[in-house]
Amino acid sequence: MSSKSNGNLRSREWFGRTDQLGFIHRSWIKNQGHPDQMFDGRPVIGICNTWSDLTPCNAHFRILAEQVKRGVYEAGGYPLEFPVMSLGEAIMRPTTMLYRNLASMDVEESIRANPLDGVVLLAGCDKTTPSTIMGAASVDLPTIVISGGPMLNGKFQGRDIGSGTDVWKFSDDVRAGRMTQYEYAEAESCMSRSDGHCNTMGTASTMACMVESLGLTLPSGAAIPASDSRRRRLSHIVGNRIVEMVHEDLTISKVLTRQAFENAIRVNAAIGGSSNFLLHLLAIAGRVGVDLCLEDFDTLGSHMPLLVNLMPSGQFLMEDFYYAGGLPVVIQELRDHLHMDAITVTGKSIGENTEGAKCWNRDVIATFDEPVQKEAGIVVLRGNLCERGAIVKPSAASPELLHHRGRAVVFESIEDYHSRIDDDNLDIDETCVLVLKYVGPKGYPGMPEVGNMHLPPKLIKKGITDMVRISDGRMSGTAFGTVVLHVAPESAIGGPLALVENGDMIELDVPNRRLHLDVSDDELARRRAAWQPPTAPHTERGYARLYVEHVTQADQGVDLEFLRGKSGAFIPRDSH
Ligand code: FES
């Protein structure tokens, strides 16, 4: 590994000069009270903070940033914290996914434009993790991620409840008359009772595990609860370590190798991770130039066993996962199937990092030989309804629906769905297939998490809990059901999904990786000739326009096409 001496640090281009620009760079920042020795050639560490009151999952990040600063100072570095766009999953409209790429641009340009030698990314809520990594990867400095940590277990009426997952259940209970509005309101405060992100194996926890399995954080970094003092301790140690990484010139691209991505895919299968993982991992791979495609997820992950018994597929929550031993145990269980020599931010391999990991609760983390479920990874479907692929998460689905043929009940938009789904006269039964159009990247725009459509109340009252649902949108990582997602090409650009009509027969055959619309080619050609592309709302100007003009499809990670790749850390011109 090459090493960087203080004399050739990137920050010296700003702080190491004796000319007028050097005066300006140092003088203004000294107004914060920084003494002269901060400019003596020590590594300058950026702390990229997605803190925001509007991102509740990241609202404790200023405390973590202070801990990182302590560690950086202690190791002889100079820490400088800066804010970037934050994406609050539970609040932003129309969907945070619309803004993931925008936030990544903010991160990328903020890092590159400033005198930084290394970066610590503070991320937690769903999109704050991929967006910060995507941006940092396009600059390629030494980088460590600190995940914010999950909330403590929710507590309601004497039992544990999980973020998101129980919201979907409670909402169905209210619709079916099994829960009162008073209880529903009471559950709000019981679900989110501490700092941290969603505590199920939803997208945020999946992203935290992705960070750890990619080797981008310190061991156990995924699962320590946000409120546990060990999360702050880890942040302090990260501050120490990032300074060493600068000296070692251990850049993010040295960690994000093809091996690391393969490890992340296999670990994601074993934890029952969110389907959103695919989109984010593909986008990150696109930034660092690692060749990754949709089929890799099926080939590498679909036959992996499910080891972690967490909601939404299972029973427990992230707090339990940490006490059971956390991700290091999972990594050790999978050791014969992972690249255990993949290098991580510790400077050691992922195998060395997790050596000796012990499991303290086999109800939460199963062994490889006696898993929770035998084959759990996300499956990639092909067929005339999804020429560029679609996905389904078998661990969240009903086994009896994984091979199913049914009559399509079509909704032409999310508004159409909301206006008709509660109608008792809707012509639908439990064998039907719900189809939702125009919720893809360009169509919505932003590919919202609406793929897990609620079932019609008249079927819920009959005791029906799952039906096959198909869309070009996404599904919350906290949700469950036999839900086919990410259909590509999406309906808004004329993908075959746009041509489905009420009454068409659709066959889902997960064992054979097939999604088939049983309509003749001639009839599809006739429908295509008559098809009119819709215009997504509010896309005439601004970022939304840029987004719909340049966003890629689900099989390429939904990044903006011109953001793929990296520009590195070099800036050809001085500030003027
Ligand atoms: Fe932030 Fe779920 S809402 S992680």
Item to check | Alpha-carbon Rg with Dmax, taken over region 311-459, Å | outcome: 20.8, 63
Next on the checklist: With only alpha-carbon atoms in the gyration tensor, what are the semi-axes of the equivalent ellipsoid for region 232-371, in Å, largest first?
Outcome noted: 25, 21, 14
Checklist outcome for this item: Answer check: region 346-409, Cα atoms, Kirkwood Rh, Rg/Rh ratio of 1.17
Checklist entry - How large, in Å, is region 1-118 by the Kirkwood hydrodynamic radius built from its alpha-carbon pairs? => result 15.9
Item to check | Convex hull projection area averaged over all views, region 422-507, Cα basis, nm² | outcome: 5.7
Next on the checklist: Semi-axes of the equivalent ellipsoid for region 382-464, please: Cα gyration tensor eigenvalues, times 5, square-rooted, ordered largest first, whole Å.
Outcome noted: 21, 18, 12
Next on the checklist: If I fit a long axis through the Cα atoms of helix 181-191 and take the longest principal axis of the Cα atoms of the chain, what angle between them do I get, 0 to 90°, rounded to 10?
Outcome noted: 30
Item to check | Length released on extending from residue 429 to residue 412, taking residue separation times 0.36 nm less the Cα-Cα span | outcome: 4.2 nm
Next on the checklist: Report the Cα-based extents of region 432-576 along its three principal axes, largest first, to the nearest Å.
Outcome noted: 69, 39, 33
Checklist outcome for this item: XL table 30/254; 30/69; 437/462; Cα-Cα > 24 Å flagged, in table order, is 30/254; 437/462
Checklist entry - Taking the simple approach of a point 7 Å from Cα along Cα-to-Cβ for both residue 8 and residue 402, what is their distance in nm? => result 5.4
Next on the checklist: Could you report region 219-295's accessible area per residue, 1.4 Å probe, as an integer in Å²?
Outcome noted: 25
Checklist outcome for this item: Once the in-chain neighbours fewer than 8 apart are removed, the lysines whose Cα is under 24 Å from residue 374 read 358, 393
Item to check | Taking only Cα atoms of region 54-162, radius of gyration then Dmax in Å | outcome: 15.5, 52
Checklist entry - How many Å² of accessible area per residue for region 450-576, probe 1.4 Å? => result 45
Item to check | Accessible carbon and sulfur surface of the chain relative to its total accessible area, %, 1.4 Å | outcome: 49
Checklist entry - Roughly what % of Cα-Cα distances in region 165-263 sit above 22 Å, to the whole percent? => result 50
Checklist entry - With labels modelled as points extended 7 Å from the Cα through the Cβ direction, what inter-label distance (nm, one decimal) is found for residue 179 paired with residue 466? => result 2.0
Item to check | Highest-first arrangement of 223-233, 26-36, where packing means the average Cβ count within 10 Å | outcome: 223-233, 26-36
Checklist entry - Going by accessible area, probe 1.4 Å, with all protein chains left in place, what is the ranking of 462, 566, 437, largest first? => result 462, 566, 437
Item to check | Whole-Å semi-axes of the chain's equivalent ellipsoid (Cα gyration tensor) | outcome: 41, 26, 22
Item to check | Degrees between helix 276-288 axis and first principal axis of the chain (Cα, 0 to 90, nearest 10) | outcome: 40
Next on the checklist: On a straight-distance basis, which lysines could pair with residue 461 in a cross-link, Cα separation under 25 angstrom, same-chain partners fewer than 8 positions away excluded?
Outcome noted: 169
Checklist entry - Using the heavy atoms of the protein chains alone and a 1.4 angstrom probe, what is the accessible area of region 330-413 per residue in square angstrom? => result 46
Checklist entry - Using bins 5 angstrom wide from zero, how does P(r) for region 494-573 break down, in % of all Cα pairs? => result 3, 10, 14, 14, 14, 15, 13, 7, 4, 3, 2, 1, 0
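The values are calculated or read from the model by the stated rules, or taken from the named source; none is laboratory data. All figures in this text were calculated on a predicted structure; none of them were measured in a lab. Note: ideal-geometry Cβ built from the backbone for every residue, glycine included; neighbour counts use all protein chains shown. SASA here: full protein model, heavy atoms, side chains in, ligands and nucleic acids out. Shrake-Rupley method; radii C 1.70, N 1.55, O 1.52, S 1.80 Å.
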